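What follows is a set of notes on a single structure, which appears directly below.
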Amino acid sequence: MTTQQAQVLACIDGSALTESVCDYASWISKKVDAPLKLLHTINHHHETSVTSDFSGNIGLGTQEHLLEEITNLEQQQNKLKMQQGKLILQAATEHIEKNDLFPTSTQRHGDLIEAVIDLEDSVRVLVLGLRGQVHDNQENKIGAKLEAVIRSVHRPILIVNDNFTQPERIMIAYDGSVAADKAVDMVASSPLYKGLSCHLVCVNNNESTADKLLNQATKKLQSAENIEVIPAKLRGKADQELCAYQEKNNIDLTVMGAFSHTRLHDMLLGSFTHKMLVNTKKPLLLLR
Amino acid sequence: MLLLSKKQDWLGNIRGDVLAGTVVALALIPEAIAFSIIAGVDPKVGLYASFCIAFITAIVGGRPGMISAATGAMALLMVTLVKDHGLQYLLAATLLTGLLQIISGYLKLGSLMSFVSRSVVTGFVNALAILIFMAQLPELTDVTWHVYAMTAAGLGFIYLFPYVPFIGKVLPSPLVCIVVLTGACMYLQLDIRTVGDMGDLPDTLPIFLWPEVPLTWETLQIILPYSVPLAVVGLLESLMTATIVDDLTDTTSDKNRECKGQGLANIGAGLLGGMAGCAMIGQSIINVKSGGRGRLSTMVAGVFLLIMVVFLDQWIKQIPMAALVAVMIMVSIGTFSWESVIHLKQHPLSANIIMLATVITVVWTHNLALGVFVGVLLAALFFANKISHFMYVGSVLDDITDTRIYHVHGQVFFNSSDRFVSNFDFKEAVSKVTIDLTHAHFWDISAVSALDKVVIKFRREGAEVELIGQNEASSTIIDRFGIHDNPEEIEKVMGGH
């Protein structure tokens, strides 16, 4: 696996966002010249039972019969799920091939988190939809496993929440933290952002601090070729202000650090990343 | 963290868990009552224990969906304690059992289960089934024909009722058996033993009780010899049941957490006036069969059991023992590993001997721990014997130098060391002997002393002795642990040197 080129991994499940996940993944794949891979996971739901027989008796060989029966049922169910997944992957592959890209695809058992952790070593960027099948088309919901996936993976993750539009203006949410600095470094060094105009936005109620932070980061970004940097200072609540700025300036993509605090901290104080995930109208690129 | 559990372990299967828990509760009551009587205490001791153990293991156990309660295997170990010292000492022994189980959980003794081979597990399960069946016999001896008729009718209901279209799969047949037999008994006013004749039933919710025993050395001396086997048997049955549930549901469980969970549950039972218990194979199978998967199923089973016996105690008293005997015979039949009988002919003789030895020891002593001990010991001996066959000594004679060269291949250890020595021809008069050990493995000091013996014998006969590859051969002797996941280390020890 180590010799293999790192891939763009698009996680799809056949929900409404699947197509735009594919589109964004193709965009990244073309831009950074990395192969594209599609992933579909087959969730087994071991916690629910497939049989319900309330006769409540056991006799000779009940245990063996029960094992046989459950195995057969699960085999049928999972065969079906596998076929469905193959169809989803096939449809996505055909969709992407229109853009002259030839993705590979893979199917794994278990939940998305496990699959993504298993594949992490060969992944460069992860692309997934904000909502999965369960919450399909529910505007104010985010995917049940999204946060867990983001927390467990240490690769950039693009969260897609809308139809594809070719990104031209991006926004970096910058607060001077280690994660934000890393985000700026990555933007400066990656080929993905070449030719884009980049709004460097800092939300801070203290103006001089904001100036100082922006100056440092602007310099870093300007050292990279072919990126137009537009610094901006905002005051107020970070998530609201960023979303407002995003709308006003027609931002196509927001780049930010994610979940830099522990779960406990976020449980008590609320997570900024979580708020952004719920409120933003445009895709988020989270850098960990 | 003992209290940590995933949300889907509790709420992933609510409907299935609640219904299955209810079905299982019906199979818990007969076992709790029947084995309280065998242990020599009131049925309420077993029933309180069943509630308590089911409730606590639901929260802290390591295997969601497994049913634990007061069991026959445990009850059989406490008979003499209750007879000689009374209930309070049983409660104290229960507390100590729990403590020992928690300690073994923290010492990660659950992993010792890997020494218990498949044949021993089968033997354990079969022995348990036989014990449960034998425990029903007192209810079936010296009784009128009514009891036999009732028991036979009960078994008929249990096994035939599920074939009734529609309601057969909806109503638990053990419930039908109990209800119909109780009704018949009351209607016909038969003079046969009922649950009410066997002792007190719970009339209140359980209350906190500290066992009234003196906290002295003597007390410990009395209860420890009971607590140790109780702890061992409880853990063995629980871990085996966990494996069965693992296999049926294709999921994994945390065995060490299960040990601690069983311990906490027994401490809880002891403090609420209940006897020690553990996981139950038969009832856990019923749970899975009825669609129970999560922690909720175990909790529902415990709570439903308590509600039934506390609020329906007037009705429970009327249940004829014959109905409970029928349910327990069903549990016994369902626990028995039918597969092991079918495959008796295909399995190697050693596996069958281990299985049967386990069964016979248990049935003889009524102590499952002893059975497992015998089984594990036999399995280890058979294994050592098998491995000892993987050793041979070849030789060539070099005429020119008058040298005999021996090549040793394979495993040399305590069991094969005598055979190793006998492979050398000490009567042959040669001036030099070379022993090539590069393809041998010396596992213990018996092997080394056997080699020493060979060397000395040859020297006494007047030969020069040269050893080749001694270092490589003895590299396995060191008690090296934790190399099993390092391919390079394994190659060094076992590989082609």
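The values are calculated or read from the model by the stated rules, or taken from the named source; none is laboratory data. Quick caveat: nothing in here was measured; it's all calculated off a predicted structure. Glycine also receives a Cβ, built like all others from the backbone with ideal geometry; neighbour counts cover every protein chain displayed.
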Checking B:Ser449 against (1) in contact (Cβ under 8 Å) with a residue 12 or more places away in the chain; (2) more than 30 Å from B:Phe115 (Cα to Cα): exactly one of these is not met. Which one? (2)
Tally time: how many residues in the range A:45-73 are of a type outside the set (Phe, Trp, Tyr), facing chain B (nearest Cβ under 7 Å) and over 17 Å from B:Met328 (Cα atoms)? 11
Long-range neighbours under 8 Å by Cβ, at least six apart or interchain, first residue under 23 Å from B:Thr251 (Cα atoms) within the range A:71-94, second modelled with pLDDT of 90 or more and among the acidic types (Asp, Glu): none
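Listed here are the residues, each with its yes/no results for (1) surrounded by fewer than 17 Cβ atoms within 10 Å (Cβ to Cβ); (2) more than 26 Å from A:Asp33 (Cα to Cα).
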{"site": "A:Thr106", "(1), (2)": "yes, no"}
{"site": "A:His109", "(1), (2)": "yes, yes"}
{"site": "A:Ala183", "(1), (2)": "no, no"}
{"site": "A:Leu200", "(1), (2)": "no, no"}
Any residue in the range B:44-56 that is within 23 Å of the chain's Cα centre (by Cα), more than 26 Å from B:Ile178 (Cα to Cα) and either among the basic types (Lys, Arg) or buried (at least 24 other Cβ atoms within 10 Å of the Cβ) (or both)? yes
Just checking, which of B:Pro214, B:Pro165, B:Pro202, B:Pro225 is crowded, with 16+ Cβ neighbours inside 10 Å and either out of contact with any Pro (no Cβ under 7 Å at 6 or more places or on another chain) or β-branched (Val, Ile, Thr) (or both)? B:Pro202
Would you mind finding the one in B:Phe161, B:Phe166 that is in contact with a Gly (Cβ under 8 Å, 6 or more places away or on another chain) and free of Cβ contacts under 8 Å to residues at least 24 places away in the same chain? B:Phe161
Name the residue, out of B:Pro320, B:Pro348, that is away from chain A (no Cβ under 14 Å), modelled with pLDDT under 95 and within 22 Å of B:Tyr159 (Cα to Cα). B:Pro320
B:Ser395 meets each of (1) within 14 Å of chain A (Cβ to nearest Cβ); (2) in contact with a strand residue (DSSP E or B) (Cβ under 8 Å, 6 or more places away or on another chain) with one exception, condition (1)
Any strands (runs of 3 or more DSSP E) falling wholly within the range A:68-187 and containing at least 2 residues that are within 22 Å of A:Asp252 (Cα to Cα): A:123-129, A:157-160, A:169-173
Helices (runs of 4 or more DSSP H) completely within the range B:135-226 that count 1 or more residues being more than 14 Å from every other protein chain (Cβ to nearest Cβ) and among the small types (Gly, Ala, Ser): B:145-160, B:173-188
The one condition in (1) over 25 Å from A:Ile159 (Cβ atoms); (2) out of contact with any helix residue (DSSP H, G or I) (no Cβ under 6 Å at 6 or more places or on another chain); (3) not in a helix (DSSP H, G or I) that A:Ala34 fails to fulfil: (1)
Go through the range B:78-103 and give me each residue that's crowded, with 24+ Cβ neighbours inside 10 Å and not in a helix (DSSP H, G or I). B:Met78
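Tally up the residues in the range B:263-293 that are part of a helix (DSSP H, G or I) and away from chain A (no Cβ under 14 Å), please.
Counting residues in the range B:263-293 that are part of a helix (DSSP H, G or I) and away from chain A (no Cβ under 14 Å) gives 9.
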How many residues, within the range B:319-360, are assigned to a loop (DSSP other than H, G, I, E, B), hydrophobic (A, V, I, L, M, F, W, C) and closer than 30 Å to B:Ile29 by Cβ? 2
What are the residues in the range B:104-137 that are among the polar types (S, T, N, Q) and buried (at least 18 other Cβ atoms within 10 Å of the Cβ), if any? B:Ser104, B:Ser117, B:Ser119, B:Thr122, B:Asn126, B:Gln136
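Here's the yes/no breakdown for (1) charged (D, E, K, R); (2) surrounded by fewer than 19 Cβ atoms within 10 Å (Cβ to Cβ):
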site: A:Ser15; (1), (2): no, no
site: A:Ile28; (1), (2): no, no
site: A:Ile58; (1), (2): no, no
site: A:Glu68; (1), (2): yes, yes
site: A:Leu73; (1), (2): no, yes
site: A:Asn78; (1), (2): no, yes
Is it the case that the range B:301-308 has a residue that's touching a residue at least 24 places away in the same chain (Cβ under 8 Å), away from chain A (no Cβ under 14 Å) and outside any helix (DSSP H, G or I)? no
Taking the range B:1-19 and keeping only residues that are at the interface with another protein chain (Cβ under 8 Å from one of its Cβ atoms) and surrounded by 24 or more Cβ atoms within 10 Å (Cβ to Cβ), one is left with B:Asn13, B:Gly16
Would a scan of the range B:359-366 turn up a residue that is under 23 Å from A:Gly59 (Cα atoms), buried (at least 20 other Cβ atoms within 10 Å of the Cβ), out of contact with any Asp or Glu (no Cβ under 9 Å at 6 or more places or on another chain) and in contact (Cβ under 8 Å) with a residue 40 or more places away in the chain? yes
Of the residues B:Val362, B:Val327, which is within 11 Å of chain A (Cβ to nearest Cβ) and either more than 25 Å from A:Leu66 (Cα to Cα) or among the β-branched types (Val, Ile, Thr) (or both)? B:Val327
Exactly one of these conditions fails for B:Pro64: (1) without any contact (Cβ under 8 Å) to a residue 24 or more places away in the chain; (2) buried (at least 24 other Cβ atoms within 10 Å of the Cβ). Give me its number. (1)
Single unsatisfied condition, A:Ala34 versus (1) over 18 Å from the mean Cα position of the chain (by Cα); (2) surrounded by 17 or more Cβ atoms within 10 Å (Cβ to Cβ); (3) more than 11 Å from chain B (Cβ to nearest Cβ); (4) not polar (S, T, N, Q): (1)
Failed item, numbered, when A:Val134 is tested on (1) of a type outside the set (Ser, Thr, Tyr); (2) touching a residue at least 12 places away in the same chain (Cβ under 8 Å); (3) away from chain B (no Cβ under 11 Å): (2)
Tell me, which residue of the range A:196-206 that is touching a strand residue (DSSP E or B) at 6+ places or on another chain (Cβ under 9 Å) and in a loop (DSSP other than H, G, I, E, B) is farthest from A:Val229 (Cα to Cα)? A:Asn204
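Here are some residues: B:Ser50, B:Ser111. Which one is closer than 13 Å to B:Glu258 by Cα and assigned to a helix (DSSP H, G or I)?
Values: B:Ser50 fails: closer than 13 Å to B:Glu258 by Cα.
Step by step, each of B:Ser50, B:Ser111 is checked, and only B:Ser111 is closer than 13 Å to B:Glu258 by Cα and assigned to a helix (DSSP H, G or I).
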